[in-house]
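Report on one structure; see the data block that follows.
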Amino acid sequence: MELHKIIKKLQGVMEFDFDERAIFFEKYRNIIKLEICDNPSNIEAYCLMAMITCELREDIEKSIKILEECYDQNQSKFSDTGFALWATNMAYFLIEECGGKDSEERAVELLSQAISRNSNYPSTYYSYGKLHFLKNDFRKASILFGKAFELYPKKSYKYCEAISLLASSNKEEGISQLKSLYSYPFKDEEIDVRIALTLGRELALSGSVYEAKKMAEILLKMEYREFDIEIDEMADFMYILGDYKTCVELYNKYEFLEEASWLNKYFYALKQLGQINIAEKRLQEITEKIEKGIHEEELNPTDWESYEDYKDYISSETKRLKDIKEGYNKIFVHFVDILPDAYYDIFYECYYINCPRHYWE
């Protein structure tokens, strides 16, 4: 059976329970083992077997070993394309499954080599761009995401490029790219909803409030949480627009964790609405809740696995309450304006080439 047919078969069983799909993954792993024995230069087969082994929840070192065997068998005869396939997939395991500084450094080296050999896989550039983004090298990240988009015009790649531009303070170009991606009605809803939210935020921050409000209305009418948009992100959007009423309603409806960074905006929104009594009551409720939690743990320190964990908890909760009260006083005593948060995050997707766990076009 051709490998792409095996991949499609495996993708088709991913919604099954683990025990059910494991039967299929084991079946096709045995077939691929035979293919590798007959043709050890089949890099695609090695890569597929490595990911199948990972999906079967075996030690990740087994997947690494499979790809290392692939390298040993083919290092003297790798084509540029073959090396890029192998290096990108090995980098995936090193970054996503292994973690740690040493693994990341090795992944960087492999991806750099693959790019120097003119990889024609967009995943190579996406994964390298992701690493640069996480290191706050947004300029380099934008170039790499742009290259991924050149190789395969996928909205998510262009979105990541736009986010990198925004994060590097190239607001005009970032907004321009988001506008080129935005369309409604949404087609690919997960990325389209993310584009709408980010574009709406940036338009609001740049003063284009009318356009931003139209996007906010669309998002509020739909079940945006189904598309990995969190309530606090939507509430932040409303905060930027100055729609403090909706911002407070979202908070009250979903009761976020009481963290100072969010509560500063919540209290400020209540102040703008003239609901100072509600803010006072909420602060009192939060204070009593945190103090009660601290007191209960102080009565039972032996319930913790370690004394250090217990002390860390008491310390962090005490600091959290202190930060919340200080934030409240900034707003109601010192009359400090609370500005919206600026945060940027790329759209994550699996970059393992020909991954049997995710549909690919």
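Restricting the search to region 246-257, which residues are among the charged types (D, E, K, R) and either in a helix (DSSP H, G or I) or farther than 12 Å from Asp232 by Cβ (or both)?
Of everything in region 246-257, those that are among the charged types (D, E, K, R) and either in a helix (DSSP H, G or I) or farther than 12 Å from Asp232 by Cβ (or both) turn out to be Glu249, Lys253.
Consider Thr318 against the criteria (1) surrounded by fewer than 11 Cβ atoms within 10 Å (Cβ to Cβ); (2) touching a residue at least 24 places away in the same chain (Cβ under 8 Å); (3) over 21 Å from Asp232 (Cα atoms): it satisfies all of them except one. Which criterion is unmet?
The single condition Thr318 does not satisfy is (1).
Mind telling me which of the residues Lys154, Lys187, Lys147, Lys179 ends up being of a type in the set (Lys, Arg), surrounded by fewer than 21 Cβ atoms within 10 Å (Cβ to Cβ) and over 28 Å from Glu211 (Cβ atoms)? Step through it out loud before you land on a result.
Details: Lys154 fails: over 28 Å from Glu211 (Cβ atoms); Lys187 fails: over 28 Å from Glu211 (Cβ atoms); Lys179 fails: over 28 Å from Glu211 (Cβ atoms).
Just one listed residue meets the conditions, Lys147.
Only one of these is at pLDDT 95 or above and basic (Lys, Arg): Lys311, Lys289, Lys325. Name it.
Among Lys311, Lys289, Lys325, only Lys325 is at pLDDT 95 or above and basic (Lys, Arg).
What is the number of the single condition among (1) modelled with pLDDT of 90 or more; (2) part of a helix (DSSP H, G or I); (3) surrounded by 13 or more Cβ atoms within 10 Å (Cβ to Cβ) that Ser41 does not meet?
Condition (2) is where Ser41 drops out.
Confirm whether Leu283 is surrounded by 22 or more Cβ atoms within 10 Å (Cβ to Cβ) and touching a Phe, Trp or Tyr at 6+ places or on another chain (Cβ under 8 Å).
Considered against the rule, which asks whether it is surrounded by 22 or more Cβ atoms within 10 Å (Cβ to Cβ) and touching a Phe, Trp or Tyr at 6+ places or on another chain (Cβ under 8 Å), Leu283 comes out as no.
What residue, of Ala84, Ala141, Ala107, is closer than 19 Å to Asn354 by Cβ, assigned to a helix (DSSP H, G or I) and either modelled with pLDDT under 95 or in contact with a Lys or Arg (Cβ under 8 Å, 6 or more places away or on another chain) (or both)?
Ala84
Among the residues that make up region 64-79, is at least one of them within 17 Å of Ser127 (Cβ to Cβ), modelled with pLDDT of 90 or more and not in a loop (DSSP other than H, G, I, E, B)?
Checking region 64-79: at least one residue is within 17 Å of Ser127 (Cβ to Cβ), modelled with pLDDT of 90 or more and not in a loop (DSSP other than H, G, I, E, B).
Conditions tested, residue by residue: (1) in contact with a helix residue (DSSP H, G or I) (Cβ under 7 Å, 6 or more places away or on another chain); (2) under 20 Å from Lys155 (Cβ atoms); (3) not in a helix (DSSP H, G or I).
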residue	(1), (2), (3)
Lys187	no, yes, yes
Ile191	yes, yes, no
Ala196	yes, yes, no
Ala204	yes, no, no
Glu211	yes, yes, no
Ala216	yes, no, no
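Among the residues that make up region 255-270, is at least one of them touching a residue at least 12 places away in the same chain (Cβ under 8 Å) and among the polar types (S, T, N, Q)?
The answer is yes; a qualifying residue exists.
Among the residues of region 292-331, count how many are of a type in the set (S, T, N, Q) and within 28 Å of Gln272 (Cα to Cα).
Going through region 292-331 one residue at a time, the tally reaches 1.
Does region 319-351 hold any residues that are part of a helix (DSSP H, G or I) and closer than 22 Å to Leu241 by Cα, and which are they?
Matches in region 319-351: Gly327, Tyr328, Lys330, Ile331, Phe332.
Could you count how many residues in region 114-124 are surrounded by 16 or more Cβ atoms within 10 Å (Cβ to Cβ), of a type outside the set (A, V, I, L, M, F, W, C) and either more than 23 Å from the chain's Cα centre (by Cα) or over 16 Å from Tyr351 (Cβ atoms) (or both)?
Counting residues in region 114-124 that are surrounded by 16 or more Cβ atoms within 10 Å (Cβ to Cβ), of a type outside the set (A, V, I, L, M, F, W, C) and either more than 23 Å from the chain's Cα centre (by Cα) or over 16 Å from Tyr351 (Cβ atoms) (or both) gives 2.
Which of (1) in contact with a Leu (Cβ under 9 Å, 6 or more places away or on another chain); (2) buried (at least 19 other Cβ atoms within 10 Å of the Cβ); (3) at pLDDT 90 or above does Glu26 not meet, given it meets every other one?
So the condition that Glu26 fails would be (2).
Do you know which of the residues in region 51-63 that are of a type outside the set (Gly, Ala, Ser) and part of a helix (DSSP H, G or I) is farthest from the chain's Cα centre (by Cα)?
Here the residue is Lys62.
Could you list, in sequence order, the residues of region 259-287 that are part of a helix (DSSP H, G or I), among the acidic types (Asp, Glu) and under 34 Å from the mean Cα position of the chain (by Cα)?
Hit for region 259-287 is Glu285, nothing else.
If a residue must be hydrophobic (A, V, I, L, M, F, W, C), exposed (fewer than 15 other Cβ atoms within 10 Å of the Cβ) and either in a helix (DSSP H, G or I) or in contact with a Pro (Cβ under 9 Å, 6 or more places away or on another chain) (or both), how many such residues does region 6-23 contain?
Residues flagged as hydrophobic (A, V, I, L, M, F, W, C), exposed (fewer than 15 other Cβ atoms within 10 Å of the Cβ) and either in a helix (DSSP H, G or I) or in contact with a Pro (Cβ under 9 Å, 6 or more places away or on another chain) (or both) within region 6-23 amount to 3.
Between a first residue in region 204-223 that is within 12 Å of Ile175 (Cα to Cα) and a second residue that is among the hydrophobic types (A, V, I, L, M, F, W, C) and outside any helix (DSSP H, G or I), which pairs have beta carbons less than 9 Å apart while being 6 or more apart in sequence or on different chains?
Within 9 Å, the pairs are Leu205/Ala342.
The values are calculated or read from the model by the stated rules, or taken from the named source; none is laboratory data. This is a predicted model, so every value here is computed, not measured. Cβ: placed from backbone, ideal geometry, glycine included. Neighbour counts: every protein chain shown.
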